[in-house]
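The values are calculated or read from the model by the stated rules, or taken from the named source; none is laboratory data. This one's a predicted model, so the numbers in the text were calculated from it and none came from an experiment. Note that we place each Cβ from the backbone using ideal geometry, even for glycine, and neighbour counts take in every protein chain shown. What goes into the accessible areas is simple: the full protein's heavy atoms, side chains included, and nothing from ligands, DNA or RNA. Shrake-Rupley method; radii C 1.70, N 1.55, O 1.52, S 1.80 Å.
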Amino acid sequence: THMEGMAGSNCTQATEFILAGFSEAPAAQVAQFLLFLLTYLVTILGNLGMIALIRVSPLLHSPMYYFLGNLAFVNLCTSTMIIPRMLAGLLLGKKQITYAGCVAQVFTFDMFGMAECFLLATMAYDRYVAVCHPLLYPLVMSPERCSRLVTGSYLLGLTNGVGQTIGMSSLFFCSSSAIDLFFCDISLLISLSSSDTTLSLNILRTISSLLGVPSILVVLVSYVAIISTVLSISSAEGKRKAFFTCASHLTTVSTFYGSLIFMYLIPRSDTSRGGDKWVAVLYTVMTPMLNPLIYSLRNQEVKEAWRRLRKIK
């Protein structure tokens, strides 16, 4: 085939990849294993706890918490696709991942990553309606509309997952392909490929532009409107209340989009990619852990729901 011709005669298609993740030093590996294990446990407990609390507490049966419950579910899925495999690599030194395993990671990571972009955009829109049009809120954020917005987020995520997987299937890899990261990331796979990458690059750029950019714009436009509304409130107490309504979401959005923009949108040479691993850790490992903590520490309603739950017990 033309792919094999392009790849050269001494090159066979890779059946597995090496995830060259982190430090080779045994002491550093033990420290990283313990750090990531602890992070993963906190992520699981925090997000499952948040989902359970939202389900059982009538106080949290509102659109904002419905979105937050879905965000917690997406965070659980993202970290479960990546961290256990990374822990196995650190503990057992098993750095290989099969080609099929790599495709599965690309698909699920890109699906849930894009779903998270749209859930965060939906939450920004929700905060915009709550702060700027409070009287219309029950009408605009009706249960039907909320479930449509969430379903749409998952469908757009699925579109991204399928698109990037098709892009990956058009790539050819030599058998000794090492990925300088702890999971299969489509942009790194494209740079590793020994075949024509036009199709996969076009898919990556088109989907990023058609889906990624609008979701960021919704967040930005919502917050510009929110900030101008908050500034026009005359009382200091009113300003404080309106700001607190958005503080948790703004913190989450900043860490998530900040690290994604740094990882994918800032052009740089291959030699300066060393820091990428830690940026990737920020949005694949840290953000899913921090989200439930941000919402439970900064949010009066969540604290109140916990208090009531403890009283019942």
> In nm, to one decimal, how far is the modelled label at Ser187 from the one at Cys132, with both set 7 Å along Cα→Cβ?
Replying inline: 2.9 nm
>> Go through the cysteines of the chain and tell me which have no other cysteine Cβ under 4.7 Å away.
In response: Cys77, Cys117, Cys132, Cys146, Cys246
> Taking 0.36 nm per residue of separation and subtracting the Cα-Cα distance, what length does fully extending Thr15 through Lys239 add?
Replying inline: 74.9 nm
>> Can you list the DSSP H helices in the chain whose Cα atoms extend at least 24 Å along the helix axis and whose mean Kyte-Doolittle hydropathy is 0.5 or higher?
In response: 26-56, 63-92, 99-132, 213-232
>> Run the numbers for Thr98 and Val224: contour at 0.36 nm per residue of separation, minus the present Cα-Cα distance, in nm.
In response: 40.8 nm
> So, by mean Cβ neighbours within 10 angstrom, what's the order for 64-77, 235-248, 182-195 with the highest one leading?
Replying inline: 64-77, 182-195, 235-248
>> Quick check on packing: order 133-146, 154-167, 283-296 by the mean number of other C-beta atoms within 10 Å, highest mean leading.
In response: 283-296, 154-167, 133-146
> Carbon and sulfur together cover what percent of the accessible area of segment 120-243 at a 1.4 Å probe radius?
Replying inline: 70 percent
>> With every protein chain kept in place and ligands, DNA and RNA left out, what is the accessible area per residue of segment 16-311? Probe 1.4 Å, answer in Å².
In response: 46 Å²
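Using R₀ = 22 Å, calculate the FRET efficiency as 1/(1 + (r/R₀)^6) where r is the Cβ-Cβ separation of Ser254 and Val140; round to 0.05.
Step by step, r from the Cβ atoms, then E = 0.30.
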> Say each of Lys277 and Leu231 gets a label point 7 Å from the Cα, pointing the same way as Cα to Cβ; how far apart are those two points in nm?
Replying inline: 4.3 nm
